[in-house]
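To start, the structure itself, in structure tokens.
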Amino acid sequence: MPGLRRDEAENELVDTASRVLPGGGFGNVSHDVVLAEGRAGRVWDVSGNEYVDYLLGSGPMIVGHAHPEVVEVVREQVAKGTTFFANNPHGIRLAAEIVDAVPCADKVRFVSSGSEADLYAMRLARAYKKRDKILKFEGGYHGMSDYGLMSLAPKRAGNFPQPIPDSAGIPKSIRDEVLIAPFNDLETVASLIREHKNELAAIIVEPVQRLIPPKPGFLEGLRKLTEDNGLLLIFDEVVTGFRFAYGGAQAYYGVTPDICTLGKAIGGGFPLAAIAGRADIMAHFDKGAVAEDAFMLQIGTLSGNPIASAAGLKTLEILKRPGAYDRIFKTGRALMEGYAEILRAARVEARVVGDAPMFDIVFTGREVADYRSSLGDDAKMKRCNALLRRRGVLKSESKYYISLAHTETDVEFTLAAFAESIDELG
Ligand SMILES: Cc1ncc(COP(=O)(O)O)c(C=O)c1O
């Protein structure tokens, strides 16, 4: 059985982490790995173990780690100053590129994280509609705000549309402002809109919820329902933006929301995210464009940071080149098909869920269409991920992110590691 080396330096760091960080980590993935280096589709831990990396920094590294062209523009800008709290050329050009590429984007406001972008997108909808309620889907991830953390990963099945908070410390009153529906269920959405039409500001949705693709007609149905009933439609494209297509999931599926949020890819591995949307809605960020009580105050020290903008802009330039998305989709499809074949041959009850740029397996025999049906055998999943990791494949708990830098060799290596892991899993 293969194993990972663990040297003294890494042990010491893990010990220090458990002393000074709550739970021994930053709150993200497994705390027992300390990554030191990344290049293209691979990363190395402090002990020198090499992994094919499907974690990809949780998505931003879509062109691969330390892409030479990204490194070069970053290096150039670092030497000229790292932040100004003022407009800068890279940030302005990045905003212009987003407006050109993303169908719903007339204007862009930069922030530093996807959580912030979602928080402001929901606030923007409330400011525009002058109503408080937001409808979100069970299992939908919209960052860490009080509103976002409603029924993201409920441990028990609540009754729709009552939200279940995912975190301590959220005021009880927020529960009254969020309605929860099952993803891919237009009927429930329609009936909730009928009941709450005059209180609802918007529906927020991940066009691909975690890994679950929208059923044909679902996004179109949301668009029609929101339009017919005078609500705003927000696409959370923090993950899907520039990943499924250059214009994001809204271009991929051909459904244009009123507002979207972007993150991950647009920062090229640096803290940068954005709210983008229709000009009349985005006007609420402009003091001169709306009445005083309609203005949305929004300031952030690092918003539009020049390093992040330069890295993001270069990342987009690389993604825009002919063949980039074909390559990402080809790699993802090869893995998805290979995984399905291995699972079939081993007669394991599991599904490959997602689409080529991001997918995973779920240990379940059911069709996966919403949060509840996406809950598989979690313990088995954890064991499978650990077995893969021991064989040099790194991923998050429930997602493989595919990059432009992954190679056919990476695919072959991963499929062999997966086949062995499934075999050992029994
Ligand atoms: C769909 C979605 N929205 C929002 C966020 C939050 O983004 P961030 O981690 O940059 O705050 C994430 C993070 O993974 C996400 O997947």
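The values are calculated or read from the model by the stated rules, or taken from the named source; none is laboratory data. The structure presented is a predicted model; accordingly, all values stated were derived computationally and were not measured. Positions of Cβ are backbone-derived with ideal geometry, glycine not excepted, and every protein chain shown enters the neighbour counts. Surface areas here come from the heavy atoms of the whole protein model, side chains and all, with no ligands, DNA or RNA. Shrake-Rupley method; radii C 1.70, N 1.55, O 1.52, S 1.80 Å.
With Cβ to Cβ distances under 13 Å as the rule, what net charge do the other residues near residue 199 carry (K, R +1; D, E -1)?
With Lys, Arg at +1 and Asp, Glu at -1, the neighbours total +3.
Please report, in debye to the nearest 20, how large the charge dipole of the chain is about its Cα centre when each Lys and Arg carries +1 at its beta carbon and each Asp and Glu carries -1 there.
Charge dipole of the chain: 400 debye, to the nearest 20.
Whole angstrom only: what separates the Cα centroid of segment 126-142 from the Cα centroid of segment 354-397?
Answer, in whole Å: 28.
Given points 7 Å out from each Cα along the Cα-Cβ axis, report the residue 93 to residue 295 separation in nanometres with one decimal.
A separation of 3.2 nm, rounded to one decimal place.
Work out the charge dipole of the chain with +1 on the Cβ of Lys and Arg and -1 on the Cβ of Asp and Glu about the Cα centre, then indicate which of 65, 157, 9 is farthest towards its positive end.
Farthest towards the positive end: 157.
Answer with one residue from 30, 20, 90: the one whose Cα lies farthest towards the positive end of the charge dipole of the chain, charges on Cβ with Lys, Arg +1 and Asp, Glu -1.
Looking along the dipole axis, the top candidate is 90.
State to the nearest 20 debye the size of the charge dipole of segment 137-228 about its Cα centre, where the only charges are +1 on K and R beta carbons and -1 on D and E beta carbons.
So the magnitude is around 240 debye.
Taking every eigenvalue of the Cα gyration tensor of the chain, multiplying by 5 and rooting it, what semi-axes result, largest first, whole Å?
Semi-axis lengths for the chain are 34, 27, 21 Å.
Of the listed pairs 172/395; 155/380; 136/215; 224/330; 136/399; 155/224, which have alpha-carbon separations greater than 26 Å here?
Over 26 Å apart, Cα to Cα: 172/395; 224/330; 155/224.
For the chain, what % of the accessible area comes from carbon and sulfur atoms, probe 1.4 Å?
52 percent
Please give the per residue volume of the convex hull enclosing the alpha carbon atoms of segment 181-241, rounded to a whole number of Å³.
About 79 Å³ per residue, rounded to a whole number.
With the Cα gyration tensor of segment 128-262 in hand, convert its eigenvalues to equivalent ellipsoid semi-axes via √(5λ) and list them largest first in whole Å.
Here the semi-axes work out to 22, 17, 14 Å.
If the elastic network links every pair of Cα atoms under 10 Å, which of 209, 162, 250 fluctuates the most in the Gaussian network model of the chain?
Maximum among the listed residues: 162.
Multiply the residue separation of residue 176 and residue 194 by 0.36 nm, subtract the distance between their alpha-carbon atoms, and state the gained length in nm to one decimal.
Here the answer is 4.8 nm.
Between segment 191-218 and segment 47-80, what is the separation of their alpha carbon centroids in Å?
35 Å
Just for the chain, what percent of DSSP beta bridges are antiparallel, to the closest 5?
60 percent
Just how large is the dipole of segment 1-129 about the Cα centre, in debye to the nearest 20, putting +1 at every Lys and Arg Cβ and -1 at every Asp and Glu Cβ?
The calculation lands at about 740 debye.
Considering only 134, 144, 103, whose Cα is most displaced toward the positive end of the charge dipole of segment 93-169, charges sitting on Cβ of Lys, Arg (+1) and Asp, Glu (-1)?
Most positive-ward Cα: 134.
Given a 10 angstrom Cα cut-off, can you work out which residue in 139, 392, 288 is the most mobile in a GNM of the chain?
288
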